[in-house]
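Notes follow the structure.
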Amino acid sequence: MEPSERRVAVAGDDRAAALRDALASLPYRAAERSDADAIVAVGDDALREVLVEAPDAPVIPVGSRRLAVDADDAERRVRALLDAAVGGDERGDDRPADGVQRTTHPILDVDAGSGESRRAALDVALVTAEPARISEFAIDFVGGSDATFRADGVVVATPLGSDGYANAAGGPVVEPGGGLSVAPIAPFSTRTDAWVAAEGLSISVEREAESVALVVDGREREAVTPHRPVVIEPVDSVTLVARSGARRARRSETL
């Protein structure tokens, strides 16, 4: 594909306008997301929106995420990122440029048994509706193991979301392709484990005394019915073209 034929879509907040202007000086054509050969997602909201659509086109994240490019640095690096996203650059080959990596990111389906499933790009949490109120949770992993614990909640994160709220709750930071980070939120016991789930899992609320909310990518979606499993499993994947090396998201992230 000739560079001038490559179609790029830019989604996001006010900072996206600067990137659209930068594209005007490069050999790429602006396009809608559905027709793009690459998508630049600026800011967390745009990144979530783009990822849950599971586009065939690779996605370039711009913002504060660990694998994202800093917004202040994006204009300078947009050419290298786009060359890596759509394949090949001025060297005439398909090797990613220095400082750029391609990774595969999972998209989660979240089914609380209410008849409407949700999709998550970053994290899923079950949390008590009132702060500092303890409930009891049971986790069943696809591999056959299970666990129960008392806590304010539990959070499950994709690798891209694992260094945000999940890590602040005590979960491991997971590299791309490494599985899902799973951690209790403010557990009652000081010896409660955290896990990396290789595949999907289900979580049940085992007590009826406290109301528990389902929060998907930072947005409260519905109340969780006690003893009804919330099934969380990878159902799609998206190619990310991102900066090499890992930096953490801002640890002040909250649900």
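The values are calculated or read from the model by the stated rules, or taken from the named source; none is laboratory data. What you are looking at is a predicted structure, and each value in this text was computed from that prediction instead of being measured. With ideal geometry, Cβ positions are generated from the backbone for all residues, glycine too; neighbour counts draw on all protein chains shown. SASA here: full protein model, heavy atoms, side chains in, ligands and nucleic acids out. Shrake-Rupley method; radii C 1.70, N 1.55, O 1.52, S 1.80 Å.
Accessible area per residue for the chain is 46 Å², calculated with a 1.4 Å probe on protein heavy atoms, without ligands, DNA or RNA. Summing Cβ point charges (Lys, Arg +1; Asp, Glu -1) relative to the Cα centre of the chain gives a dipole of roughly 600 debye. Specify the angular offset, from 0 to 90 degrees and rounded to the nearest 10, of the alpha carbon long axis of helix 71-86 from the longest principal axis of the alpha carbons in the chain. So the inclination is approximately 80 degrees.
Full extension of the chain between Asp21 and Ser117 gives 30.8 nm of extra length, using 0.36 nm per residue less the Cα-Cα distance. On full extension, the segment bounded by Arg228 and Asp193 gains 10.3 nm, given 0.36 nm per residue less the C-alpha separation.
Accessible surface comparison of Phe149, Phe188, probe 1.4 Å, protein chains only, largest first: the order is Phe188, Phe149.
Surface composition of the chain: carbon and sulfur atoms hold 42% of the protein heavy-atom accessible area at a 1.4 Å probe. Rounded to the nearest 20 debye, the dipole magnitude of the stretch 108-255 is 600 debye, with +1 charges on Lys and Arg beta carbons, -1 on Asp and Glu beta carbons, and the Cα centre as origin.
Taking each residue as 0.36 nm, the span from Asp14 to Val235 lengthens on full extension beyond its C-alpha to C-alpha distance by 76.4 nm. Highest mobility in the GNM of the chain, judged by mean-square fluctuation with C-alpha springs under 10 Å and restricted to Ala186, Ala125, Ala157, is found for Ala186. Computed on the Cα trace of the chain, the radius of gyration divided by the Kirkwood hydrodynamic radius gives Rg/Rh = 1.03.
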